[in-house]
Structure formats: structure tokens, C-alpha cells
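Shown next, in C-alpha cells, is the structure this report addresses.
Please treat every number below as a calculation from the coordinates, not as lab data. From a predicted model like this one, the values you see are computed outputs, not experimental measurements. A quick note on method: Cβ atoms are made from the backbone with ideal geometry, for glycine too, and the neighbour counts reach across all protein chains shown.
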Amino acid sequence: MDSRQPLQLTDAILMLEQIRVISRHDSILAIAYDPGYAVAGGRPFKPVVAIHPGFDWDAGRVFLDVGPKLMAPNEDLQRLKALVRDYAETIGYVSLALRDTQLGAEAKLQAIDRTIASLVQPTAVSSPQI
């Protein structure tokens, strides 16, 4: 658990001004995030596109808007990654079948058909009971 205290607006302004002076150029304000997988190079980030004060129940807060919502890895993301992996693998197999000089045109089509059929699983659908 992070034991640091929330950053106050006046402290943030001072810190941002110090960074601006030290870097001597106009930097992009960004929020770093963990994409849920290893990355090489710079940290993944979302640029801040707007800053606005909270109101009503959020009074006393300042919000940094990064546009599309940031989200932590969850089951939906895991399912999506698995689906993308399956499709990429299928594309790879289809590409191998097309490049195989040992296969004739009909054999290539059969290999592609089997590969796609193994990815697309039929779904049982029942009609509503009246």
C-alpha cells in the first residue's frame, strides 16, 4: 500500500514549475500506467488532455482528464488478448498453407478451411419455449 499523502494543488503547481525550469522546454503532462504486460522503452502513458475542478461532491479536487478511460487488466482484457492471439495464430497458419509449395490449390484450401473451422466453434442456440 502506498503511504504517501495526496498531492495538494499548490504543491503540484510548484513541482510542475520546477520541472519546467529544469527541463527548459515545454513538456507533455502525462499519466503513466501499467498495461499489464512487460514493455521495452519508455513507460506507457496517457497524455493529459484537460484539467478541471471538481464540483458538488467532488469539490476540493482537481481532475486530470486523459481522454479514453484507463483501465486495469481484467477478465475482459484477458479474453480479448486470447482472442487476438487465436486470430493471429490462425492468420499465421493460413499464411503457411498459402506458402507451402508442396500443396496444390485444393489442398491449400482444405488446410485453410480446417484451420478456420478449428477457430470458429459453433454455438448452440435454442429457440424460446412458448
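Over the residues of the chain, the helix contribution to mean residue ellipticity at 222 nm works out to -14500 deg cm²/dmol, using -39500 (n - 2.57) for each DSSP H run of at least 4. Normalised Debye scattering of the range 9-65 at q = 0.16, 0.17, 0.23, 0.31 Å⁻¹ gives log10 I(q)/I(0) of -0.70, -0.77, -1.05, -1.20, counting only Cα atoms as equal scatterers and leaving out solvent.
Listed highest first by mean packing, meaning other Cβ atoms within 10 Å per residue, what order do 34-42, 58-66, 7-15 come in?
In decreasing order of mean packing, 34-42, 58-66, 7-15 become 58-66, 7-15, 34-42.
First obtain the Kirkwood hydrodynamic radius of the chain from its Cα pairs, then insert it into the Stokes-Einstein equation at 20 °C and 1.002 mPa s, and state the resulting D in µm² per second as a whole number. D, rounded to a whole number, is 103 µm²/s. Which one of GLN102, THR115, PRO35 has its Cα pushed farthest toward the positive end of the charge dipole of the chain, where Lys and Arg give +1 and Asp and Glu give -1 at the Cβ? The listed residue farthest towards the positive side: GLN102. Between ILE19 and ARG61, the modelled label-to-label distance comes to 2.0 nm, taking each label 7 Å out from Cα in the direction of the beta carbon. About its Cα centre, the range 9-65 has a charge dipole of approximately 260 debye under the convention of +1 per Lys or Arg Cβ and -1 per Asp or Glu Cβ, with nothing else charged.
Computed about its Cα centre, the charge dipole of the range 75-119 is approximately 100 debye, with only Lys, Arg, Asp and Glu carrying charge at their Cβ.
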